[in-house]
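The values are calculated or read from the model by the stated rules, or taken from the named source; none is laboratory data. It should be emphasised that the depicted structure is a prediction, and the values quoted were computed from it without experimental measurement. Virtual Cβ from ideal backbone geometry, glycine too; neighbours counted across all protein chains shown.
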Amino acid sequence: MNEREIAVFTLVDMFNEGAYNNIMLRKTLNKYDDLTKTQKAFITEVVNGTLRNLMNIDYIINLYSKTKTNKMKPFILNNIRASVYQILYMDKVPVSAACNEAVKLAKKKHFNQLSGFVNGVLRAIARNKDCIEYPKDRLEEISIKYSYPTWLLKYWLEEMNVEQLEEICKAFSNSPKVSLCVNTSKISKEELVKELEKENVAVDANTLLDNSIYINRTSNIANLEAYKKGYFHIMDESSILAAKILSPEGVVVDTCAAPGGKSFAMAEFMKNKGVIFSRDVYEHKLELINEGAKRLGLENIKPQLFNSMEVDSETKADYVLVDAPCSGFGLVRKKPDIKYNKQFEDIDELVKIQRKILEASSQLVKVNGVLVYSTCTISHKENIDNVKWFCKEFGFSLESIEKYLPEKIKCETAKDGYIRLLPNLYGTDGFFIARMRKNG
């Protein structure tokens, strides 16, 4: 199978099985290990891009097709979807190639009688792609154009105006950069850049943080020698910043640690000194942390099986990180299916869990110790509302994070102890971080 065919069948399988895009993609790319870097990158872009823009793509298909998307055969629908994504969003793919390959694929899979239909729909969309008419209602237009359910947009609109909302949705529709956290206990940022360039990896060192780099032009990061030597781990800059804002030493507890990235970043920051108890409720996830720490040569990480909603009356820590389970809407660039799989009711349930974890974690912190709360979502309900409740109920105070922020990040709330990162501002995931100190 060629890369277009693989992309289409990956989409078909995702919708049939209800599987997460990142899991299905990893499974697919591992299965076809003879693919080139370029082919793997194409498959990833088509699959994730189609999912990120699914509502817009389906809306446009329905404008130009007599047979609506809900009546199409799964293979034909996803063949058209993948091709529409290429026509609308991939400038380097000629329109003729997107159309012709979709027709060939329909015929190859014995849909000869529908090949003309596929061709007609795609050609009509290609002719009219620059004059698509959207609903007059602004919220409905944003919902369709950027593929967000209206309930989520209304929820976000409680905290911002419609112009800000559109900026955020537009930024979340872009492909994310691949960000690496430099293992500074083994190598400097400058040295890692040279090592990766020797392996023909395109590197961008113009980052927000002094221990991060962006890369592209690599299909399997785990095959790089620099990876095998433990010179870095994959981590968005927003997550690295959470570790920097904590700036831990001594005894540290990472309450919801899996898969371990923030524990690794903290261990590197601590130069392998002190101890980090990296906790999770699943043993197989602790194994992932163990394996990662071993590859990176981080000896101060101690994985522990523990439910973070339960009270630990024995352990006392100088620093605690609560990277809480959340709705994950800050990750939609990487996990676009989140937009379609979550409901408003899920947020209320998550807030209950977040508060239980915070309550239990409050007892871990020594007097005058520090707790950092973070999530990969952007709404007040899961973020600053939780923080204010926690400070009031458990004797903590927010403290300024200004000195922990890099020069490129300007944030009015930093002096108040918290920050909300957005992709339209800094190119990071959507993320929230707050630093609190336990009152004496």
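Side notes on the structure shown:
- Yes/no for Asn200 being more than 19 Å from Ile338 (Cβ to Cβ), modelled with pLDDT under 95 and either assigned to a loop (DSSP other than H, G, I, E, B) or of a type in the set (Gly, Ala, Ser) (or both): yes
- Some residue of the range 54-71 being among the β-branched types (Val, Ile, Thr) and within 25 Å of the chain's Cα centre (by Cα): yes
- Within the range 408-421, the residues that satisfy the criterion of being over 14 Å from Phe390 (Cβ atoms) and assigned to a strand (DSSP E or B) are Ile419, Arg420, Leu421.
- So Ser278, is it among the polar types (S, T, N, Q), surrounded by 24 or more Cβ atoms within 10 Å (Cβ to Cβ) and over 23 Å from Val351 (Cβ atoms): yes
- Subset of the range 406-418 (residues that are touching a residue at least 24 places away in the same chain (Cβ under 8 Å) and either of a type in the set (A, V, I, L, M, F, W, C) or surrounded by fewer than 19 Cβ atoms within 10 Å (Cβ to Cβ) (or both)): Pro406, Lys408, Ile409
- Verdict on Leu286 being part of a loop (DSSP other than H, G, I, E, B) and aliphatic (A, V, I, L, M): no
- Close Cβ contacts (under 7 Å, 6 or more residues apart or on different chains) running from residues in the range 179-192 that are under 17 Å from Gly297 (Cα atoms) and touching a residue at least 24 places away in the same chain (Cβ under 8 Å) to residues that are part of a helix (DSSP H, G or I) and among the acidic types (Asp, Glu) comprise Asn183/Glu268; Thr184/Glu268; Ser185/Glu268.
- Comparison of Asp429, Asp385 shows that the only residue that is more than 28 Å from Leu180 (Cα to Cα) and of a type in the set (D, E, K, R) is Asp385.
- Residue in the range 164-176 that is outside any loop (DSSP other than H, G, I, E, B), out of contact with any Phe, Trp or Tyr (no Cβ under 9 Å at 6 or more places or on another chain) and β-branched (Val, Ile, Thr) present: no
- Among residues of the range 422-437, those that are under 11 Å from Asn383 (Cβ atoms) and either polar (S, T, N, Q) or part of a strand (DSSP E or B) (or both), counted: 4
- As a summary of the residue check, Ser238 satisfies the conditions (1) touching a Pro at 6+ places or on another chain (Cβ under 9 Å); (2) under 26 Å from Glu407 (Cβ atoms); (3) among the polar types (S, T, N, Q) except for the one numbered (1).
- Long-range neighbours under 8 Å by Cβ, at least six apart or interchain, first residue within 16 Å of Gly120 (Cβ to Cβ) and outside any helix (DSSP H, G or I) within the range 83-104, second at pLDDT 95 or above and not small (Gly, Ala, Ser): none
- Within the range 135-157, the set of residues being part of a loop (DSSP other than H, G, I, E, B) and either out of contact with any helix residue (DSSP H, G or I) (no Cβ under 8 Å at 6 or more places or on another chain) or in contact (Cβ under 8 Å) with a residue 12 or more places away in the chain (or both) comprises Lys136, Asp137, Ser147, Tyr148, Pro149.
Rundown of residues vs (1) surrounded by fewer than 21 Cβ atoms within 10 Å (Cβ to Cβ); (2) assigned by TED's automatic domain parsing to the domain that holds Leu296; (3) in a helix (DSSP H, G or I); (4) touching a Phe, Trp or Tyr at 6+ places or on another chain (Cβ under 9 Å), yes/no style:
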| residue | (1), (2), (3), (4) |
| --- | --- |
| Tyr214 | yes, no, no, no |
| Ala222 | yes, no, yes, no |
| Ala243 | no, yes, yes, yes |
| Pro248 | no, yes, no, yes |
| Val253 | no, yes, no, yes |
| Ala265 | no, yes, yes, no |
| Lys273 | yes, yes, no, no |
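- Some residue of the range 115-131 being in contact with a Gly (Cβ under 6 Å, 6 or more places away or on another chain), crowded, with 16+ Cβ neighbours inside 10 Å and not basic (Lys, Arg): no
- Yes/no for Ala226 being in contact with a strand residue (DSSP E or B) (Cβ under 8 Å, 6 or more places away or on another chain), touching a residue at least 60 places away in the same chain (Cβ under 8 Å) and assigned to a helix (DSSP H, G or I): no
- Condition check for Leu421: buried (at least 20 other Cβ atoms within 10 Å of the Cβ) and touching a helix residue (DSSP H, G or I) at 6+ places or on another chain (Cβ under 7 Å): yes
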